[in-house]
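Read through the structure below, which is laid out as structure tokens, and then see the notes.
Throughout, read-outs are computed from the coordinates displayed, never taken from laboratory work. From a predicted model like this one, the values you see are computed outputs, not experimental measurements. Virtual Cβ from ideal backbone geometry, glycine too; neighbours counted across all protein chains shown.
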Amino acid sequence: MLQSFMNNSDSIISLKDLSGHYEFINSHFEHFYQVTTQQVLGKTDAALFTHEITEDFHAKDLEVAKLHTALESEDIITLSHQPARILHSIRFPLLAEDGEVYSICTQSLDVTLHHEDELRMHLAEHVFNRAGVGILVTDAKATILTVNDAFIRLTGFTEGETLGKNPQILASGKQTKEIYQSMWAALLTQGWWQGEIWNRRKNGEIYPEWLTITSIKNPAGKITNYVGIFSDFTAVIESKKRIEFLATHDELTGLPNRSLFLDRVHQAVTRASRSQHTFAIFYVDLDDFKIINDTLGHAAGDNLLIEVTHRMRECLREGDTIARFGGDEFAILLEDSSVNEADMMASRIAESLKRPHDMGNQKVYPSASVGICFYPNDGSDAETLLKNADSAMYRAKGTGKHHHYFFTDALRHATEDRLSMEHSLRKAADHNQLFLLFQPQVDINNRRLVGVESLVRWNHPEKGLLQPQQFIPQAELSGLIDPISAWAAVESCQNMARWMRQGIILPGLSINVCGDQLRSFTLVTMMRQLILELNLNASTITLEFTETALMRDIVHAQSVLRELKSLGLRLSIDDFGTGYSSLIHLQHFALDEIKIAQIFVKDLALSPDARIVAQTVIAIAKSLGIAVIAEGIENHAQLQILQDMGCIQGQGYLFAEPIPGDELVNRFIKR
């Protein structure tokens, strides 16, 4: 009976004498350790198990024999090719009549699964309490049974204030009955519901949360619990609102952007077409804002834009719209406005901007140029109205500061001509309408050729030969100056290479470079490729930049010029004295040459100021080791003054006008 009882026990049972030899094992021992009674009886642990298990069992058996009492322990058993198992063991001594221990009995239960369940429960409890989302668990009647730490943090209610209560303690009162009905219907039919709701914290604050509710069922399919998991949705909603706002508004000023402004003009067109009313569009551009931005810094520029926005807003009526298009450009929609009202509004804005604005230790006096047009006389759609207001603004800017200008038929024709010119200009290079002329540069003392400047001309199919001043400004406004300048550089270098193959050597070639090319490093790549492919001597090529282009971003310009200089190219400032640079910048640009602007050369015989400028430029350039070329020399009086000042090189109609390449070779180059 005892044998049967022990073999049918759930325990793993063994008996060892004091020397550690097994005297008995039950069938569960055999099954657990995968041994037979014959293999075990009379053996010690050392013959059956690993060294680690043997040492562990031996130490625990000795402790029982020493203390003469039962001891509980946790045994971790790792058998070959099997995962570790955990046994809960009780070892107790068998005592003889004299009280001496003669055997050790061990009874063990495999608690591996139970242990794993405990670990999972512990992990679940840790996740529950450490989760970043709020969690509450209710019974089937929606009575709160437990909440986690995040719930307490998000709602402000303590555990004691929520247990035994209904989740309705969180209700904000903002949700409709239909939402709750939909929620419970989904829980009953689908077993879960998810959505955005508004709840109330303990302090009364109402907040949005993203809530997921899941029903828990027992094996019989009956609902026993509900689990609600939620997160504070405030940051997400605010971020979404911010993104939506920035899609239609300017971040700096908070004003509507171009997209929203055009939409409001579209709406104004619809309203005005029904009511036969008119409205005005203002295109506003701040005067000299770039100078302020460059000299005082972008932070100061942003501060000024915010102040200007505030002043213009104060001038407008309720219902009018002001927008910022970026940079220093604004637009205004004046609903139901007459010409007189628009004129008064433009004057009011101008007066408002005239007030000084403190920027640190300086006072700035902002001003703006304003172009004005009207619906429907000046356009029947938003895009046309805005384009025409822009054209009027440019006319206003040409008349000086603090001016506004109304769009006129004459301006309309000028705009149409400009657009037509831009359209034709886009096709000019592809249709071989552009070509180069070359103006000689000479030593003004002996008339010896020292170089040539390549100049772009346009043979317009309808208007004939166009001078640079007739199309270059439009090319700059339309963004076409970059490809035109690139074409001119490639064509110039190819001409120079062709002459070299014919044995004709130019002493030097000057190529004009636009500001758009300088703003990127594509110019460096292009010139490097041309020099290598055409086998040109880089030291005979001079790139001419305007002061304005160099001063737009001095640090970037210096970087690009260093790259060009490393190719062996020569660098020159064209029309020096007409831009915003100072002589101190010359030493930072690694220049080889300065060209005195034609405007000063023209007035040399009449204007003392022009002579002072020319003399100063020549003196400073000489001290820095920079060559000087005077542009636009047209008569002997100018030539004599320049010679007296020590100027050595020049170009102008006195020596030669721009001429075709073949004529240049025949007149000035000896083979």
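So what's the gap between the Cα centers of segment 528-550 and segment 18-32, to the nearest angstrom?
So the two Cα centres are separated by 97 Å.
Could you tell me which chymotrypsin sites (Phe, Trp or Tyr not before Pro) in segment 486-573 are loop residues by DSSP with no more than 11 other beta carbons within 10 angstrom of their beta carbon?
Numbers: sites: Trp487, Trp499, Phe521, Phe545; in loops: Phe521.
When the chymotrypsin sites (Phe, Trp or Tyr not before Pro) of segment 486-573 are filtered for loop state and at most 11 Cβ neighbours within 10 Å, nothing remains.
What GluC sites (Glu not before Pro) does segment 201-243 have in DSSP loop regions with at most 15 other beta carbons within 10 Å? Provide the component values of the computation, followed by the final result.
Values: sites: Glu205, Glu209, Glu238; in loops: Glu205.
Hits after loop and neighbour filter: Glu205.
If you take the beta carbon distance between Glu159 and Ala186 as r and set R0 to 30 Å, what does 1/(1 + (r/R0)^6) give as a FRET efficiency, to the nearest 0.05? Please report the intermediate quantities before stating the final value.
Details: r = 28 Å, r/R0 = 0.94.
Once the sixth-power term is evaluated, E becomes 0.60.
Just add up the charged neighbours of Gln598: K/R +1, D/E -1, any other residue whose Cβ is under 13 Å from the Cβ of Gln598. Don't skip to the end; give the middle numbers.
Numbers: positive: Lys595, Lys602; negative: Glu453, Asp574, Asp575, Asp603, Glu631, Glu634.
So the surrounding residues net to -4.
Around Trp193, with a cut-off of 14 angstrom between Cβ atoms, what is the net charge of the other residues, counting Lys and Arg +1 and Asp and Glu -1? Please list the in-between numbers first.
On the way: positive: none; negative: Glu178, Glu196, Glu209.
Result for the local shell: -3.
Whole-Hz ³J(HN,Hα) for each residue in segment 430-444, computed from phi via Karplus 6.51 cos²θ - 1.76 cosθ + 1.60 with θ = phi - 60°, x for glycine and proline: what do you get?
5, 9, 6, 8, 8, 8, 10, 10, 10, 9, x, 10, 10, 6, 5
So for Leu163, Leu411, fewest C-beta neighbours within 10 Å to most, what's the order?
On the way: Leu163 14, Leu411 19.
Exposure proxy ranking, most exposed first: Leu163, Leu411.
As a test of the formula, what do you get for the chain when each DSSP H run with n ≥ 4 contributes -39,500 (n - 2.57) and the sum is divided by the residue count, at 222 nm and rounded to the nearest 500 deg cm²/dmol? Let's see the in-between values first.
On the way: 26 runs with 301 residues, N = 671.
Result for the chain: -14000 deg cm²/dmol, rounded to the nearest 500.
Farthest toward the dipole's positive end in segment 2-111, which of Met6, Leu67, Gly99, given Cβ charges of +1 (Lys, Arg) and -1 (Asp, Glu) about the Cα centre?
The one lying farthest along the dipole's positive direction is Met6.
Taking loop as defined by DSSP and a crowding limit of 16 other beta carbons within 10 Å, which GluC sites (Glu not before Pro) in segment 426-535 fit?
On the way: sites: Glu453, Glu462, Glu476, Glu491, Glu533; in loops: Glu462.
Hits after loop and neighbour filter: Glu462.
Compute log10 of I(q)/I(0) for the chain with the Debye formula, placing one identical point scatterer on every Cα and leaving out solvent, at q = 0.06, 0.07, 0.08 Å⁻¹, to two decimals.
At q = 0.06, 0.07, 0.08 Å⁻¹ the computed log10 ratios are -0.67, -0.75, -0.84.
Just to check I understand the Karplus step: with θ = phi - 60° and J = 6.51 cos²θ - 1.76 cosθ + 1.60, what whole-Hz values come out for segment 370-384, glycine and proline as x?
Result, rounded to whole Hz: 10, x, 10, 9, 10, 8, x, 4, 9, x, 10, 9, 4, 5, 5.
How much length is gained if the chain between Lys66 and Asp343 is pulled fully straight, taking 0.36 nm per residue apart and subtracting their Cα-Cα distance, in nm to one decimal?
Numbers: separation 277, 0.36 × 277 = 99.72 nm, distance 11.13 nm.
Length gained, Lys66 through Asp343: 88.6 nm.
Could you give the length gained by full extension between Asp17 and Lys202, i.e. 0.36 nm per residue of separation minus their alpha carbon distance, to one decimal place? Before the final figure, lay out each step's value.
Numbers: separation 185, 0.36 × 185 = 66.60 nm, distance 6.84 nm.
Gain on stretching Asp17 to Lys202: 59.8 nm.
May I ask for the distance between the Cα centers of segment 122-170 and segment 223-297, given as a whole number of Å?
Using only Cα atoms to place each centre, the spacing works out to 41 Å.
Just want the ordering: Ser510, Ser367, Ser347, from fewest to most Cβ atoms lying within 10 Å of their own Cβ.
Details: Ser510 24, Ser367 17, Ser347 14.
Sorted ascending by nearby Cβ count, the order is Ser347, Ser367, Ser510.
Can you tell me the convex hull volume per residue for segment 131-237, based on C-alpha atoms, in Å³ to the nearest whole number? Don't jump to the answer; show the numbers that get you there.
Values: hull volume 10.9 nm³, N = 107.
Per-residue hull volume (Cα only) is 102 Å³.
Set the Förster distance to 22 Å, then compute FRET efficiency between Glu422 and Thr295 from the Cβ-Cβ distance, nearest 0.05. Don't skip to the answer; put the middle values down first.
Details: r = 33 Å, r/R0 = 1.48.
Plugging the Cβ-Cβ distance into 1/(1 + (r/R0)^6) gives 0.10.
Counting other beta carbons within 10 Å of each residue's own, what order do His556, His431 fall into, fewest first?
Numbers: His556 14, His431 10.
So the ranking, lowest neighbour count to highest, is His431, His556.
How much length, in nm to one decimal, is gained on full extension between Gln558 and Asp139, taken as 0.36 nm per residue of separation minus their Cα-Cα distance? All intermediate terms of the calculation are to be shown ahead of the outcome.
Numbers: separation 419, 0.36 × 419 = 150.84 nm, distance 7.39 nm.
Here the answer is 143.5 nm.
Check segment 131-237 and count each lysine pair with an alpha-carbon distance under 24 angstrom, considering only pairs eight or more places apart or from different chains.
Lysine pairs meeting both conditions in segment 131-237 amount to 13.
Rounded, prolate or oblate: which one fits segment 334-453, using the alpha carbon gyration tensor with axes a ≥ b ≥ c (rounded when a/c is under 1.5, else prolate when a/b beats b/c, else oblate)?
Numbers: a/c = 3.70, a/b = 1.52, b/c = 2.43.
Cα axes put segment 334-453 in the oblate bin.
What's the FRET efficiency of Ile90 with Ala220 using the Cβ-Cβ distance as r and R₀ = 51 Å, to the nearest 0.05? Intermediate values should be presented prior to the final figure.
Details: r = 38 Å, r/R0 = 0.75.
In this case the efficiency is close to 0.85.
Which semi-axes, in whole Å and largest first, does the equivalent ellipsoid of segment 422-668 have when worked out from the alpha carbon gyration tensor as the square roots of 5 times its eigenvalues?
Values: eigenvalues 140, 92, 76 Å².
In descending order, the three semi-axes are 26, 21, 20 Å.
Pairs Lys290/Lys622; Lys290/Lys354; Lys290/Lys363; Lys290/Lys401; Lys427/Lys463; Lys16/Lys66: which exceed 20 Å Cα-Cα?
Details: Lys290/Lys622 32 Å; Lys290/Lys354 18 Å; Lys290/Lys363 16 Å; Lys290/Lys401 14 Å; Lys427/Lys463 15 Å; Lys16/Lys66 15 Å.
Over 20 Å apart, Cα to Cα: Lys290/Lys622.
Could you state the orientation-averaged shadow area of the convex hull built on the Cα atoms of segment 2-111, in nm² to one decimal? Show your work: numbers first, answer last.
Details: hull surface 27.3 nm².
Its average projected convex-hull area is 6.8 nm².
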